[in-house]
Amino acid sequence: MGRGKVELKRIENKISRQVTFAKRRNGLLKKAYELSLLCDAEVALIIFSGRGRLFEFSSSSCMYKTLERYRSSNYSQEVKTPLDTEIKYQDYLKLRTRVEFLQTTQRNILGEDLGPLSMKELEQLEDQIEISLKHISSRKNQMLLDQLFDLKSKEQELLDLNKDLRKQLQETRPENALRVSWEEGGHSGASGNVLDPYQGLLQHLDNDPSLQFGLHGSAEQRGPGGPE
């Protein structure tokens, strides 16, 4: 026994209406896919549920391309201008909303217009500011390290240059090299730091009693009259 004819009218029961929508939607999408595959047709299907949820199918890589082809066809010339205007207006609304959001966020970061924000939003804003401060501090420290590294490099270059100049000076003027080496050893060349070699010999004789005895014996043998 076959099924009776179903009367086409709005289903009043909400649950039944949702179940029927899901079943027929899937069937419609399947038919659109089969039509595009079997007949090599360009098919675009757009469905909005009763709750406003979007379901779509496009046989091409992009739904927008199919819509543009529809707009450019002969039988859609009369709606071309209103549709183009509507699309541009929607783009304008999206951009304006984005700009307003960014402006509000900027004011909040500066501590302005915080009244409408909830506790959770204030905490999120605080976390965002702390993260920004960490990034700024990290960048600042990196710049200081780079500057310090540059100064160290320049310092090493100056030291190397000074070393080369001193080496050249020593090679060209040996007498200067001798003086420079003497000065680097902590000797200024003053007369007070130069030891008399005879003074050292006398100190050695004073410290050696045997040598002193030999000298005294020789003097006694010679006597006051000098050598015999």
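Look through L38, L67, L29 and report the one residue that is exposed (fewer than 10 other Cβ atoms within 10 Å of the Cβ), in a helix (DSSP H, G or I) and either basic (K, R) or at pLDDT 85 or above (or both).
Being exposed (fewer than 10 other Cβ atoms within 10 Å of the Cβ), in a helix (DSSP H, G or I) and either basic (K, R) or at pLDDT 85 or above (or both) holds for just one of L38, L67, L29, which is L38.
Exactly one residue out of G115, G111, G50 is over 39 Å from the mean Cα position of the chain (by Cα) and exposed (fewer than 12 other Cβ atoms within 10 Å of the Cβ), and it is G50.
If we only count helices (runs of 4 or more DSSP H) wholly inside the range 119-216, which ones have 2 or more residues that are under 30 Å from R107 (Cα atoms), among the basic types (K, R) and at pLDDT 70 or above? Spell out the reasoning first.
Numbers: elements: 119-172, 174-184, 197-207.
Qualifying helices (runs of 4 or more DSSP H): 119-172.
Checking each residue in the range 125-144 for being farther than 17 Å from Q103 by Cα and surrounded by 11 or more Cβ atoms within 10 Å (Cβ to Cβ) picks out only S132.
On the given criteria, is V19 at pLDDT below 85 and assigned to a helix (DSSP H, G or I)? Break it down stepwise before answering.
Details: at pLDDT below 85: no; assigned to a helix (DSSP H, G or I): yes.
Here the answer is no, as V19 does not meet what is asked.
With respect to the stated conditions, D84 fails to be on the phi > 0 side of the Ramachandran plot and either in contact with a helix residue (DSSP H, G or I) (Cβ under 9 Å, 6 or more places away or on another chain) or modelled with pLDDT of 85 or more (or both).
Every residue, every condition in (1) more than 28 Å from K14 (Cα to Cα); (2) in contact (Cβ under 8 Å) with a residue 40 or more places away in the chain; (3) among the charged types (D, E, K, R), yes or no:
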| residue | (1), (2), (3) |
| --- | --- |
| E34 | yes, no, yes |
| L38 | yes, no, no |
| I46 | no, no, no |
| S49 | no, no, no |
| G52 | no, no, no |
| F55 | no, no, no |
| S58 | yes, no, no |
| L67 | yes, no, no |
| Y70 | yes, no, no |
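The values are calculated or read from the model by the stated rules, or taken from the named source; none is laboratory data. Everything quoted here is computed from the prediction, not taken from an experiment. Cβ atoms come from the backbone with ideal geometry, glycine included; neighbour counts cover every protein chain shown.
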